Structures are given as C-alpha cells and as structure tokens.
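Taking it in order: structure first as structure tokens, then the write-up.
Here, each number is a calculation from the coordinates, and none is a lab measurement. Nothing here was measured: the structure is a model prediction, and the numbers come from that model. Because the Cβ atoms are built from the backbone with ideal geometry, glycine has one as well, and the counts that use them run over all protein chains shown.
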Amino acid sequence: MTDKKKKMGLVKRLALLGFVGVGGLAVLGYGGLYFASASALARTHTLDVAGVDIPEDDEDAVARGKYLVDHVMGCSHSDCHQADMGGGETMNQFPLGLVYAPNLTSGTGGVVGAYEAQDWVRTVRHGLKPDGTRTFIMPSEDYWSFPDSDIGAVVAYIKSLPPVDRETKKHSLGPIGMLIAATEPVYAWDKIDHSAERPKAERGPTEEWGKVMIGACTGCHGSGLSGGEIPGGDPSWPPSRNITPDEATGIGAWEFADFEKAIRTGARPDGTKLHEAMPYELYVKMDPDDITALWKYLRTVPARPAGGR
Ligand code: HEC
C-alpha cells in the first residue's frame with residue numbers, strides 16, 4: 001500500500017468516526033432531553049387543600065362563572081380549552097411540538113369526570129393535577145388570588161356546559177418543547193407561594209379588589225408587572241409590556257381612559273395596536289368596576305423598569 005492510500009484510509013476512518021461521533025452525540029443529546037423533559041413532566045408533589053362549594057343550582061353563580069371563564073380568566077380562549085370547553089391544541093408546530101388543553105366537559109374524552117371539589121381547587125389554583133403532576137403551561141398562578149366563591153362559580157359554570165365528545169390528546173413535544181419542559185419556568189406550581197395568604201376583598205371598583213383581579217395578569221406580565229418574555233408563550237408573541245407606573249417604560253403617564261381603551265380594544269395612546277397575545281378581545285366585556293379596580297391597584301404598585309417581570 002502506498003503512503004497516499006494509507007493516508008486516505010486514515011482520513012476516511014477519521015471522517016467516519018467523526019460522523020458516528022456527532023451522530024452519537026445528537027442521539028445522546030436528544031435522549032437526554034427526552035429523559036429530562038419526561039421526568040420533569042412526571043415529577044409529583046402533594047398538597048392538602050380544602051374544597052370549595054360548587055353551587056351548580058345557583059343561576060347567579062353560574063353566570064358569574066361564565067363571566068370569569070370568558071372575560072377574565074380566559075379559560076375558553078381559542079388557544080386554550082376552546083369556547084365549548086371541549087379542549088384543543090394550544091400549540092402544534094415543530095420544533096415545539098403539540099401542547100394540548102384537555103376537554104373539561106362530561107363528554108367522551110373529558111378528563112374531569114372524577115374530579116372532587118379538592119381536585120378542582122388543587123388544579124385551578126395551585127397547578128397540581130389529581131395524580132400529583134404539575135400542570136404544564138396552564139396558568140394557575142393567574143387564578144390563585146380569586147376567592148373560593150369565584151373558583152366555585154367557575155367550576156359550577158363548567159359543569160353546566162353541554163358534553164362535548166372530543167378526545168384529549170397527549171402532549172407530544174418536539175426538541176424545543178422538551179427543552180422548555182425540562183428547563184423553563186412553565187409550571188404554575190413552581191411560581192405560586194402555596195402558603196401565602198390570599199388577598200381578601202369584596203368585589204367592587206376598589207384598589208383591594210384590584211389586587212385580586214391583577215392575579216389574572218401576572219402569568220403574562222410577571223409578578224412584578226414590569227413585563228418581558230412570556231415563559232411558555234407562543235414564540236410569535238411579543239414580550240408583555242410594563243404596566244407599572246414607571247413613566248419612561250410603563251404606563252405612568254397614562255390616564256384611566258387610556259388604560260380602559262387599551263384593555264378593551266388593544267389601542268394604545270400613541271395610536272399603535274397591541275398584539276392579540278394581550279387578550280383584549282376577552283376583556284372587551286370586562287365589567288367596568290373590574291377595570292377601575294385594576295387601574296386603582298396598578299397605581300399603587302412600585303414603578304419598575306420594563307422587562308424585569
Ligand atoms: C396571555 C398573556 C397576557 C395576559 C393574560 C394579559 N396581558 Fe396585557 N399584554 C400582553 C402582551 C404580550 C402585551 C404587549 C402586546 C404588544 O406589545 O403588542 C400586553 C400589553 C398590555 C398593556 C399595554 C401596555 C402598553 O404600554 O402599551 C396593558 C395596559 C396590559 N397589557 C394590561 C393587562 C392587564 C391589566 C391584564 C390582566 C387583566 C393583562 N394585561 C393580561 C399579554 C397579556
């Protein structure tokens with residue numbers, strides 16, 4: 001064999017080794033990611049909670065539940081459990097994969113048939129499903145602050161809905177979805193202080209009630225309300241904005257009328273339109289007292305620069 005041929009052979013072998021090496025690393029990496037995300041999704045916790053009264057026969061409570069579901073909490077949003085609450089795709093695109101919001105009706109494919117009041121409270125308020133695993137993407141941190149009567153009303157309304165027969169698909173994550181499931185703060189359970197005292201307030205156009213209502217904004221705007229990238233949000237969404245009274249980057253220079261217009265129509269004072277990720281199409285029917293309460297409370301929070309969440 002000539003030296004040249006020997007060299008070629010060596011180069012080929014090295015190239016092959018390199019190829020196998022890179023391929024092997026990719027397989028290992030993917031396997032690692034798969035394992036890490038599967039184990040994050042399977043991790044379990046326990047929490048004792050008290051149930052709440054679910055006033056299924058109380059028309060006013062059911063109507064209150066409908067209002068909260070459709071215009072405050074956004075459970076029936078088209079990216080979530082859908083208008084009929086029969087569930088659907090939250091996202092389904094490579095490389096994120098499929099994230100599926102379950103069917104909450106009593107039809108075939110519904111997942112809540114065996115839920116007791118405690119199971120509802122643990123899932124909706126704390127982000128922990130009856131099997132002890134954490135809800136993925138579902139923003140339970142947004143609902144934590146609402147009083148027992150509201151949680152009961154929401155459940156009573158959901159139970160009043162006609163059954164929808166629609167299979168609840170399993171999440172099927174792509175590589176980026178797995179990375180998010182394994183590493184990002186996308187589990188409400190991890191964001192909620194489960195031993196904190198819930199704000200106590202009667203409904204009304206007050207700062208105190210605003211502190212309860214603002215719960216519904218924190219999943220996207222952050223617990224400090226200064227906005228930023230939304231963990232687990234659709235990748236096409238812009239960062240949420242700063243809604244603290246910071247003059248430069250927040251809404252410090254806004255009047256109440258500016259706020260109400262932005263909340264209901266997505267129109268900012270400078271004439272630009274907000275992205276639909278800000279769910280103003282739900283808030284268009286928000287109770288005026290609730291908007292006043294939000295505004296009053298937002299005036300009292302510390303001003304912070306944008307993006308700190
Ligand atoms: C699902 C995520 C989401 C929820 C829930 C949400 N927001 Fe937003 N919000 C956004 C995003 C994203 C933007 C920025 C949109 C853009 O820049 O086009 C925004 C923008 C805003 C703005 C405009 C600020 C500015 O400077 O233009 C206000 C005001 C606002 N949100 C208030 C609220 C309030 C109050 C709540 C709770 C009742 C709330 N948002 C709930 C995502 C959300």
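As an exercise, use a Förster radius of 25 Å and the Cβ-Cβ distance of residue 114 and residue 46 to find the FRET efficiency, rounded to the nearest 0.05.
About 0.90, to the nearest 0.05.
In nm, to one decimal, how far is the residue 168 label point from the residue 249 one, both placed 7 Å along Cα→Cβ?
Calculated label separation equals 3.9 nm.
If amide hydrogens are placed 1.01 Å from N in the peptide plane, which non-local residues have theirs closer than 5 Å to the one on residue 309?
Those qualifying (amide H under 5 Å, at least 5 residues apart or on another chain) are 226, 227.
Excluding same-chain residues fewer than 8 positions from residue 211, which aspartates and glutamates have a Cα within less than 16 Å of its Cα?
List returned: 141, 142, 148, 150, 193, 197, 202, 287, 289, 290.
Working out 0.36 nm times the residue gap between residue 300 and residue 12, then minus their Cα-Cα distance, what length gain in nm do you get to one decimal?
So the chain would gain 96.7 nm between residue 300 and residue 12.
Hey, can you rank 297-305, 219-227 by average C-beta count inside 10 Å, highest first?
So the peptides 297-305, 219-227, ranked by packing, come out 219-227, 297-305.
Would you calculate the separation in nanometres between label points at residue 223 and residue 236, each defined as 7 Å from the Cα along the Cα-to-beta-carbon direction?
Here the answer is 3.2 nm between the modelled labels.
So how compact is the chain: Cα radius of gyration and Dmax in angstrom?
My reading of the Cα-based Rg and Dmax gives 23.6, 93 Å.
For a Förster distance of 22 Å, can you work out the FRET efficiency between the beta-carbons of residue 198 and residue 277, rounded to the nearest 0.05?
After rounding to 0.05, the efficiency reads 0.20.
Using the basic label-point model (7 angstrom from Cα toward the beta carbon), what is the residue 179 to residue 256 distance in nanometres?
4.7
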